[in-house]
1. Would you confirm whether or not the range 91-101 contains a residue that is open to solvent by less than 60 Å² (accessible area, probe 1.4 Å), of a type in the set (A, V, I, L, M, F, W, C) and either in contact with a Pro (Cβ under 8 Å, 6 or more places away or on another chain) or at positive phi (or both)?
2. Looking at this structure, is residue 64 surrounded by 10 or more Cβ atoms within 10 Å (Cβ to Cβ), more than 27 Å from residue 84 (Cβ to Cβ) and touching a Lys or Arg at 6+ places or on another chain (Cβ under 9 Å)?
3. Which condition from (1) at pLDDT 85 or above; (2) open to solvent by 90 Å² or more (accessible area, probe 1.4 Å) is the one that residue 31 breaks?
4. Which residue pairs have Cβ atoms closer than 7 Å, lie 6 or more positions apart in sequence or on different chains, and pair a first residue in the range 28-52 that is among the aromatic types (Phe, Trp, Tyr) with a second residue that is at pLDDT below 95?
5. Is there any pair linking a residue in the range 54-73 that is closer than 25 Å to residue 34 by Cβ and basic (Lys, Arg) to one that is modelled with pLDDT under 85 and not in a helix (DSSP H, G or I), with Cβ under 7 Å and at least six apart or on different chains, and which?
6. Within the range 1-28, can you find the residues that are acidic (Asp, Glu) and either on the phi > 0 side of the Ramachandran plot or modelled with pLDDT of 90 or more (or both)?
7. Going by the structure shown, is residue 77 among the small types (Gly, Ala, Ser), open to solvent by less than 90 Å² (accessible area, probe 1.4 Å), assigned to a helix (DSSP H, G or I) and modelled with pLDDT of 90 or more?
Amino acid sequence: MDDDPIIAALTGRVVSAEQVEGARRHLLMLRSLLDEVRSTWPALLPGPPRTWRSAAADACAVRLDDLRVRLAGAAGALAEAEAALEVRIRRLEQQLEVQAEATARFR
């Protein structure tokens with residue numbers, strides 16, 4: 001983003017509108033996945049066994065809790081990816097604007 005548009009063009013780091021649109025499409029897919037994960041992961045796993053107690057039931061409860069934590073972590077990672085992609089899209093859009101202004105000056 002800090003590069004001069006001419007240097008970016010010479011070094012092959014020019015941003016195209018297609019790249020920005022592709023990133024936006026990926027953001028939409030990522031948001032859809034995140035929404036799906038957030039809405040379904042709590043219901044994906046059964047609760048711990050309540051009617052019977054044994055070493056197996058206790059181990060099952062521990063594993064289910066671990067899986068819940070991992071699913072919550074995955075949802076968190078998806079949310080972080082969403083935020084990072086939003087920032088990247090804004091930077092690409094800014095770079096595209098700078099390139100367009102530089103191109104207009106040379107016409």
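The values are calculated or read from the model by the stated rules, or taken from the named source; none is laboratory data. Note that this is a predicted model, so its numbers are computed, not measured. Glycine also receives a Cβ, built like all others from the backbone with ideal geometry; neighbour counts cover every protein chain displayed. Calculation scope for accessible area: heavy atoms of the full protein, side chains included, ligands and nucleic acids excluded. Shrake-Rupley method; radii C 1.70, N 1.55, O 1.52, S 1.80 Å.
1. Yes, the range 91-101 has at least one match.
2. no
3. (2)
4. 41/71; 41/75
5. Here the result reads 68/45, each pair linking the range 54-73 to a residue that is modelled with pLDDT under 85 and not in a helix (DSSP H, G or I).
6. 18, 21
7. So residue 77 passes the test.
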